[in-house]
1. For SER260 and ALA145, FRET efficiency with R0 = 35 Å and r from the beta-carbon atoms, rounded to 0.05?
2. For the chain, what is the percent of antiparallel DSSP beta bridges, rounded to the nearest 5?
3. Give me HIS81, HIS205, HIS102 ranked fewest to most by other Cβ atoms within 10 Å of their Cβ, as a rough exposure proxy.
4. Work out how far the C-alpha atoms of the chain reach from end to end along every principal axis, then list the three figures in whole Å, largest first.
5. With springs connecting C-alpha atoms under 10 Å apart, model the chain as a Gaussian network and identify which of ALA230, ALA101, ALA72 has the largest mean-square fluctuation.
6. Which of the trypsin sites (Lys or Arg not before Pro) found in the stretch 1-73 are loop residues per DSSP with 10 or fewer other Cβ atoms within 10 Å of their Cβ?
7. Report the local net charge at TRP292: Lys and Arg +1, Asp and Glu -1, summed over other residues whose C-beta lies under 15 Å from its C-beta.
8. Which loop-located trypsin sites (Lys or Arg not before Pro) does the stretch 239-313 contain, where loop means any DSSP state but H, G, I, E or B and the Cβ has at most 12 other Cβ atoms within 10 Å?
Amino acid sequence: MLHVIERRNFPASSVKLLASARSAGKTFKFRRQELAVHTLGVNSFEDIDLAFFSAGAAISLEYAPIAVQSGAIVIDNSSAHRMQAEVPLVVPEINGGDVAAHRGIIANPNCTTAIALMALYPLHRKFRVTRIFAASYQAVSGAGALAMEELRQQSKSMISGRAIEREVFPHQIAFNVIPQVDSFLDSGYTKEELKLQNEARRIMHLPSFKASVTCVRVPVFRAHCVAVNAEFQERVTLAEARQAISSFRGIELRDDPTDSIYPMPVNYAGEDVCAVGRLRIDSALENGLAFWVCGDQLLKGAALNAVQIAELL
């Protein structure tokens, strides 16, 4: 978030860093300054206009109302407020106008939701989506810095023939894929898998939208991908689908499979834009389109989207 605020030249006259007591005193570079971390407390938000929260749902639930009472507008990156009717859930390119209805808190969507909708929404505008089937390929950085280090160390161990140690994931992640992101529910879906349907309904203002999703953790450091099979009300043509995506802000068409050109994590890690490729008429769905979308979940899936919301404000 600090990097995005700095490189987009967001008009912040001052920036205050807040964290738990164990992080107090650490410093981070921002605009050629060294900013010290302060301990989060009930009086931390005096004279703060915008408060970016990214410390987990429990912290957001406890401290976001305190920040609002102190006069700040909260942009929350956790799952705490996403499904609250009075809290706008916003992807600026899609429903930026919803920020006007805020009552002090605006929610950032789940990373996979944001990236998938950057491709799906322009198609929805043209063809009117009804349902999707999707599988995500989620980078380990979505599970945090310790997860990235686990992949790094396990990869080294595999190559050198040492024993594999694991702490973050339930199984080895190096040279493997794990068909579980978040905890399982009684339905057999995980919490992560339900977010795409539930959040997309709010963001696209489409309460009838349905999504059946399988979320998979893959041994990639950064950038999520999603394979989507979407069904629409209107007949789909490839030419119109490509045009809908090409004319939408924040996403680019990278689709020339005959020359092995399609979006991949190595191309979009660190990039603000998302990308779509592998477009084809779906062979199993009526009025269907299959496609592949890729984006940096730390940027459009998190920090960038949050700062874009702040820019709208």
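No lab work stands behind these numbers, since they all come straight from the coordinates. All figures in this text were calculated on a predicted structure; none of them were measured in a lab. Positions of Cβ are backbone-derived with ideal geometry, glycine not excepted, and every protein chain shown enters the neighbour counts.
1. Details: r = 33 Å, r/R0 = 0.93.
Working from the Cβ atoms, E equals 0.60.
2. Working: 28 of 50 bridges.
Counting DSSP beta bridges with both partners in the chain, the antiparallel share is about 55 percent.
3. Numbers: HIS81 22, HIS205 10, HIS102 19.
Exposure proxy ranking, most exposed first: HIS205, HIS102, HIS81.
4. For the chain, the Cα spread along each principal axis is 58, 56, 43 Å.
5. Ranking ALA230, ALA101, ALA72 by mean-square fluctuation puts ALA101 first.
6. On the way: sites: ARG7, ARG8, LYS16, ARG22, LYS26, LYS29, ARG31, ARG32; in loops: ARG8, LYS16, LYS26, ARG31, ARG32.
In loop regions of the stretch 1-73 (DSSP not H, G, I, E or B), the sparsely surrounded trypsin sites (Lys or Arg not before Pro) are ARG32.
7. Details: positive: ARG242, ARG254, ARG278, ARG280; negative: GLU252, ASP255, ASP256, ASP282.
Net local charge, TRP292 excluded: 0.
8. Numbers: sites: ARG242, ARG249, ARG254, ARG278, ARG280, LYS300; in loops: ARG249, ARG254.
Loop-located and lightly packed - ARG249.
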